[in-house]
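Worksheet: one structure, shown below.
Bear in mind that the values in this text are calculations on the coordinates, not laboratory data. Being a predicted model, the structure only gives us computed values, none of them experimental. In this analysis, Cβ positions are derived from the backbone assuming ideal geometry, glycine residues included, and neighbour counts consider all displayed protein chains.
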Amino acid sequence: MRAPLRTWAWCQIRVPSPTTAPSSTMAEGSANHVISTPFRSSPAGTGRRTVAYDPRGSEERDMRCAVVGGGVLGMTLALRLRRDGHDVTLYEAAPELGGLASPWRIGEVTWDRHYHVTLLSDARTRAMYEAAGILDDEIRWVETKNGYYGPDGVIRPFSGPVDFLKLPGLSLLDKLRMGGTIVLGSRIRSGERMERRTVESWLRRWSGPSAFEAFWKPLLRAKLGDTYPRASAAFIWATIQRLFAARRSGLKKEMFGYVHGGYATVCAAFATAFEREGVELRLATPIGAIRRAEGGGLDITTAGPDGPATDHVDRVVVTTAAPIAARLCPDLLEGERRRLESVEYVGIVCASLLLDRSLSEHYLTYITDPETPFTAVVEMTAFIDPAEVDGKALVYLPKYTTADDPLMRASDDEVLDAFLPYLERMYPDLDRAQVVAARVSRVPKVFALPTLRYSETQPSIATSVPGLYLAGSANLPFATLNVDDTLSLVDQVLEVANLDAAPATSRTEP
């Protein structure tokens with residue numbers, strides 16, 4: 001839901017644009033507030049680099065650490081731990097790295113399984129790229145155009161304040177109130193304040209009922225599906241805060257970036273760094289259980305390609321969804337398990353289409369038509385160079401929903417049969433013969449829903465099991481679904497885990 005917020009921010013704020021892209025450590029808000037990045041920054045312009053790790057200390061300093069989950073968070077944690085001098089093993093159940101950011105094959109091309117962008121103000125993400133060894137000139141920065149498809153069946157430009165003011169179905173007063181709502185959200189500094197009421201009640205109060213029904217409600221459905229009535233106002237607050245981070249960083253306008261080759265390049269860079277620096281990578285290795293070991297530490301049972309095995313380690317960080325973590329960790333207290341299992345998640349069904357023609361110049365087309373079964377049209381090749389996908393057009397049709405949605409169990413053909421007639425209605429010149437290839441991704445648990453007062457009941461990173469830590473979107477009550485916010489967990493985990501301390505020892509459950 002970025003475009004409408006960007007529109008009003010441009011109306012309200014003017015700041016100088018930097019002549020060069022900011023460094024990986026970027027001021028936010030004031031000169032003494034710096035975004036914490038998961039790796040120490042290096043001099044700009046040094047290109048692809050090998051960051052040597054320094055064990056620094058005796059054998060007491062070095063620990064045997066395991067990271068469960070090979071997504072962006074897991075990969076970044078594993079590399080950071082290794083560079084801090086620990087022995088590290090990274091476990092991933094899938095045969096490839098990446099998690100939600102993993103690449104896959106669509107027809108004859110390889111690109112990301114889901115759509116991703118990096119904002120110029122995403123300091124943590126850019127530091128992650130640098131740490132993996134990705135050159136600055138491998139990142140492309142572009143401006144994008146957006147569209148808006150309403151109940152009248154017309155696609156309109158939706159990239160600036162003039163476009164916003166031209167939208168039908170809303171009075172000028174409605175639009176002014178919506179702009180004021182966004183500015184108000186940008187000035188609230190406490191997420192705790194926003195999670196005390198639902199996102200619907202907060203938006204109705206400040207934007208009015210007409211604007212909520214015609215504009216905000218369809219966009220909330222687009223991002224949260226039918227779970228939106230249970231979401232707190234912290235959701236829209238986090239969205240606004242992410243937008244305004246660019247303005248607080250001194251940027252006149254936000255730029256969108258991607259790595260040449262997509263996340264296939266990022267995952268390959270991490271794999272190379274792991275091999276070079278000694279991180280043991282276990283792909284296609286599901287975890288059976290993580291249990292306390294006699295005499296201290298933890299035992300990890302796995303079911304890898306070479307058969308069952310048990311590994312003994314001092315620390316484990318589990319980066320899976322909370323209910324999966326509860327299943328993998330049977331020694332947790334019953335209260336901890338209930339808390340993990342009670343976290344409500346939003347999932348996604350996302351169709352990827354490879355077309356022999358472009359649909360439009362819009363990267364993201366927001367949909368407020370209630371009949372359309374998908375919640376946006378994301379034309380990736382209006383953002384990335386079409387040469388990245390062999391000159392074709394790559395289009396994503398996402399639907400954010402819950403695990404019990406029938407589409408989660410439908411075949412690819414059934415999902416496409418449900419989606420494509422509506423895409424053809426939006427773009428009458430399109431027919432199915434122009435679809436070169438298609439695949440459908442289904443992920444039941446993508447991010448934790450920020451319900452009312454969620455921060456008061458969210459799972460903790462530390463657990464009752466010594467040496468066992470849990471980290472994922474369930475630990476981010478005031479964030480949106482993006483890589484940069486997820487990477488904020490790296491420093492939180494290392495601080496809570498106190499990895500400079502001696503290996504964990506057993507203790508009696510309280």
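Would you mind getting me the FRET efficiency between residue 96 and residue 275? Use the beta-carbon distance for r and R0 = 22 Å, nearest 0.05.
0.90
Which chymotrypsin sites (Phe, Trp or Tyr not before Pro) in the range 318-371 pass both tests, a DSSP loop state and at most 10 other beta-carbon atoms within 10 Å? List each step's numbers first, then the result.
Numbers: sites: 345, 363, 366; in loops: 363.
Qualifying residues, ordered by number: none.
Over the range 160-248, what portion of Cα pair distances is larger than 21 Å, expressed as a whole percent? Intermediate values should be presented prior to the final figure.
On the way: 1147 of 3916 pairs.
Within the range 160-248, distances greater than 21 Å cover 29 percent of Cα pairs.
Evaluate the distance, in nm, between pseudo-label points positioned 7 Å from the Cα of residue 309 and of residue 357 along their respective Cα→Cβ axes.
For the pair residue 309/residue 357, the computed spacing is 5.3 nm.
What pairs in 253/392; 392/445; 217/392; 166/392; 145/392; 166/217 have C-alpha atoms more than 27 Å from each other?
Numbers: 253/392 29 Å; 392/445 30 Å; 217/392 34 Å; 166/392 32 Å; 145/392 19 Å; 166/217 19 Å.
Listed pairs above 27 Å: 253/392; 392/445; 217/392; 166/392.
How much length, in nm to one decimal, is gained on full extension between residue 452 and residue 299, taken as 0.36 nm per residue of separation minus their Cα-Cα distance?
So the chain would gain 51.4 nm between residue 452 and residue 299.
Once fully extended, how much extra length lies between residue 492 and residue 197, figured as 0.36 nm per residue of separation less the alpha-carbon to alpha-carbon distance? Can you show the working numbers first?
Details: separation 295, 0.36 × 295 = 106.20 nm, distance 2.68 nm.
Result: 103.5 nm gained on full extension.
So what's the net charge close to residue 264: Lys and Arg +1, Asp and Glu -1, counting the other residues with Cβ under 13 Å from its Cβ? Intermediate values should be presented prior to the final figure.
Values: positive: 105, 113; negative: 96, 112, 138, 388.
For residues surrounding residue 264, the net value is -2.
How big is the Kirkwood radius of the range 341-477, worked out from every pair of different alpha carbons and given in Å to one decimal?
Working: mean 1/r = 0.0587 Å⁻¹.
Kirkwood hydrodynamic radius for the range 341-477: 17.0 Å.
For the range 103-179, run through the GluC sites (Glu not before Pro) and keep only the ones in DSSP coil with at most 13 other Cβ atoms within 10 Å of their Cβ. Intermediate values should be presented prior to the final figure.
Values: sites: 108, 130, 138, 143; in loops: 108, 143.
Answer in residue order: 108, 143.
Using only Cα atoms, locate the centre of the range 404-458 and the centre of the range 349-399, then give the distance between them in Å, rounded to an integer.
The range 404-458 and the range 349-399 have Cα centres spaced 12 Å from each other.
Set the Förster radius R0 to 35 Å, insert the Cβ-Cβ distance between residue 371 and residue 162 as r into 1/(1 + (r/R0)^6), and round the FRET efficiency to 0.05.
Working: r = 28 Å, r/R0 = 0.80.
It comes to 0.80.
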